[in-house]
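Below is one structure; the comments refer to it alone.
The values are calculated or read from the model by the stated rules, or taken from the named source; none is laboratory data. As the structure is a computational prediction, the values presented were derived from the model and not from experiment. Using ideal geometry, Cβ is built from the backbone for each residue, glycine included, and neighbour counts are taken over all protein chains shown.
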Amino acid sequence: MLATRIIPCLDIADARVVKGVRFQMLQSLGDPIERAQFYEEQGADEIMLLDVNASYKNRDLMFELISRVAKRIFIPLCVGGGIRDIEDMRMALMSGADKVAICTGAIMNPGLITEGAKRFGSQCIVLSIDAKRYKDTWHCYTYGGRRDTGLDVLEWARLSEELGAGEILLNSIDRDGTGEGYDLELTKMVSEEVSIPIIASGGAGNLEHLYDAIIRGRADAVLLASLVHYDEYQIGEIKDYLRTRGIRVR
């Protein structure tokens, strides 16, 4: 069994780290380079850098910022937001990213997953799914959670694996920034539907929520934002807690 990864998420708007609730009401929380270094020093396994407005505003990912962050940290860096084609992927990886997360671009052009996997390897391709409950299922949203595609999350997860995605970043819009815990039903359903790793995202408010995501939700990694951004916990404390509960961490 692989060790569970602890991944701080840096949502970026206007070159600053931001955090909101359900993808709204964003507040500035500081410099992304300083934050990335800070979390690496604490023991983070990876850093996720997501430009939350790039797709919505139809602009390029911030390649200069990616390069500056990548030069200051030595753990894997995954970047996303506004990646529309193979050239965007290539530029992100050339700028120092180890992986790219694609959401809107993949739904608009599913072949982008396959082409990216062939060019750069499946391990580089993270499918980001922004999911929101609709009746008794969940729909995929695009453009930073602004547009309901009507696409069923489970169907899209299955297809993305077939197309070559290496892992799935599963974001619950309903739980994002609420501190109410991950959407365990959603996470478990997707985890059981595919064989590639699942990163649970959205809603962590305490350490028990992380344990639940791993054990009950069957997540392979947990994404954190508010829990670490507001200095409630340091990553070392989080890992110590999970070890005491029998979870293997790095």
Original post:
Only one of (1) modelled with pLDDT of 95 or more; (2) at positive phi is not met by residue 82, so which one is it?
Top reply: (1)
**OP:** Six or more apart or on different chains, Cβ under 6 Å: which pairs go from a residue in region 105-122 that's closer than 15 Å to residue 81 by Cα and free of Cβ contacts under 8 Å to residues at least 60 places away in the same chain to one that's among the charged types (D, E, K, R) and part of a loop (DSSP other than H, G, I, E, B)? Could you list them?
**Re:** 105/84
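Kindly evaluate residue 196 against the criterion of being among the β-branched types (Val, Ile, Thr), touching a Gly at 6+ places or on another chain (Cβ under 8 Å) and more than 20 Å from residue 12 (Cβ to Cβ).
Values: among the β-branched types (Val, Ile, Thr): yes; touching a Gly at 6+ places or on another chain (Cβ under 8 Å): yes; more than 20 Å from residue 12 (Cβ to Cβ): yes.
Taking the combined requirement at face value, the residue satisfies it.
Could you look through region 90-105, keep only residues that are closer than 16 Å to residue 48 by Cβ and buried (at least 22 other Cβ atoms within 10 Å of the Cβ), and pick out the one that is farthest from the chain's Cα centre (by Cα)?
Just the residues of region 90-105 that are closer than 16 Å to residue 48 by Cβ, to begin with: 92-93, 95-103.
Keeping just the survivors that are buried (at least 22 other Cβ atoms within 10 Å of the Cβ) gives 92, 97, 99-103.
On the way: 92: 16, 97: 14, 99: 11, 100: 10, 101: 7, 102: 10, 103: 10 Å.
The selected residue is 92.
Taking the stated definitions as given, is residue 74 modelled with pLDDT under 95 and either in contact with a Gly (Cβ under 8 Å, 6 or more places away or on another chain) or farther than 17 Å from residue 199 by Cβ (or both)? It would help to see each step written out before you state the result.
Details: modelled with pLDDT under 95: no; either in contact with a Gly (Cβ under 8 Å, 6 or more places away or on another chain) or farther than 17 Å from residue 199 by Cβ (or both): yes.
Considered against the rule, which asks whether it is modelled with pLDDT under 95 and either in contact with a Gly (Cβ under 8 Å, 6 or more places away or on another chain) or farther than 17 Å from residue 199 by Cβ (or both), residue 74 comes out as no.
Given the options 17, 52, name the one that is within 16 Å of residue 227 (Cα to Cα), surrounded by 18 or more Cβ atoms within 10 Å (Cβ to Cβ) and modelled with pLDDT of 75 or more. Quick ask: steps written out before the conclusion?
Details: 52 fails: within 16 Å of residue 227 (Cα to Cα).
Within the list 17, 52, the selection yields 17.
Mind checking which residues of region 67-126 are charged (D, E, K, R), assigned to a loop (DSSP other than H, G, I, E, B) and within 29 Å of residue 39 (Cα to Cα)? Even if it seems obvious, please write down each step before you answer.
Residues of region 67-126 that are charged (D, E, K, R), as a first pass: 68, 71-72, 84-85, 87-88, 90, 98-99, 115, 118-119.
So of that shortlist, the ones also assigned to a loop (DSSP other than H, G, I, E, B) come out as 71-72, 84-85, 98.
71, 72, 84, 98, listed by residue number.
For residue 162, state whether it is of a type outside the set (Phe, Trp, Tyr), assigned to a helix (DSSP H, G or I) and within 15 Å of residue 138 (Cα to Cα).
Working: of a type outside the set (Phe, Trp, Tyr): yes; assigned to a helix (DSSP H, G or I): yes; within 15 Å of residue 138 (Cα to Cα): no.
Answer is no for this residue.
If you check residue 163 against the conditions, is it in contact with a helix residue (DSSP H, G or I) (Cβ under 8 Å, 6 or more places away or on another chain), modelled with pLDDT of 95 or more and closer than 20 Å to residue 100 by Cβ?
Criteria met by residue 163.
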Original post:
Quick one: what pairs do we get from region 147-174, first residue more than 22 Å from residue 224 (Cα to Cα), second aromatic (Phe, Trp, Tyr) and assigned to a helix (DSSP H, G or I), C-beta under 8 Å, 6+ apart or different chains?
Top reply: none
Original post:
Identify, please: which residue in region 213-242 is assigned to a loop (DSSP other than H, G, I, E, B) and aromatic (Phe, Trp, Tyr) and is, among those, surrounded by the most Cβ atoms within 10 Å (Cβ to Cβ)?
Top reply: 233
Original post:
If the Cβ limit is 6 Å and pairs must be 6+ apart or interchain, which residue in region 61-78 that is within 14 Å of residue 101 (Cβ to Cβ) pairs with which residue that is at pLDDT 95 or above and among the β-branched types (Val, Ile, Thr)?
Top reply: 66/79; 77/47; 78/126
**OP:** Spot the failing condition for residue 186; the list is (1) surrounded by fewer than 24 Cβ atoms within 10 Å (Cβ to Cβ); (2) touching a strand residue (DSSP E or B) at 6+ places or on another chain (Cβ under 9 Å); (3) free of Cβ contacts under 8 Å to residues at least 60 places away in the same chain, and only one is missed.
**Re:** (1)
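Take the conditions part of a strand (DSSP E or B), on the phi > 0 side of the Ramachandran plot and at pLDDT 95 or above and apply them to residue 150. Does it pass? Even if it seems obvious, please write down each step before you answer.
Numbers: part of a strand (DSSP E or B): yes; on the phi > 0 side of the Ramachandran plot: yes; at pLDDT 95 or above: yes.
It is true that residue 150 is part of a strand (DSSP E or B), on the phi > 0 side of the Ramachandran plot and at pLDDT 95 or above.
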Original post:
Hey, residue 34 hits all of (1) modelled with pLDDT under 90; (2) over 17 Å from the mean Cα position of the chain (by Cα) but one; which does it fall short on?
Top reply: (1)
Subject >> Which numbered condition residue 205 fails, given (1) farther than 26 Å from residue 30 by Cβ; (2) surrounded by fewer than 22 Cβ atoms within 10 Å (Cβ to Cβ) >> reply: (1)
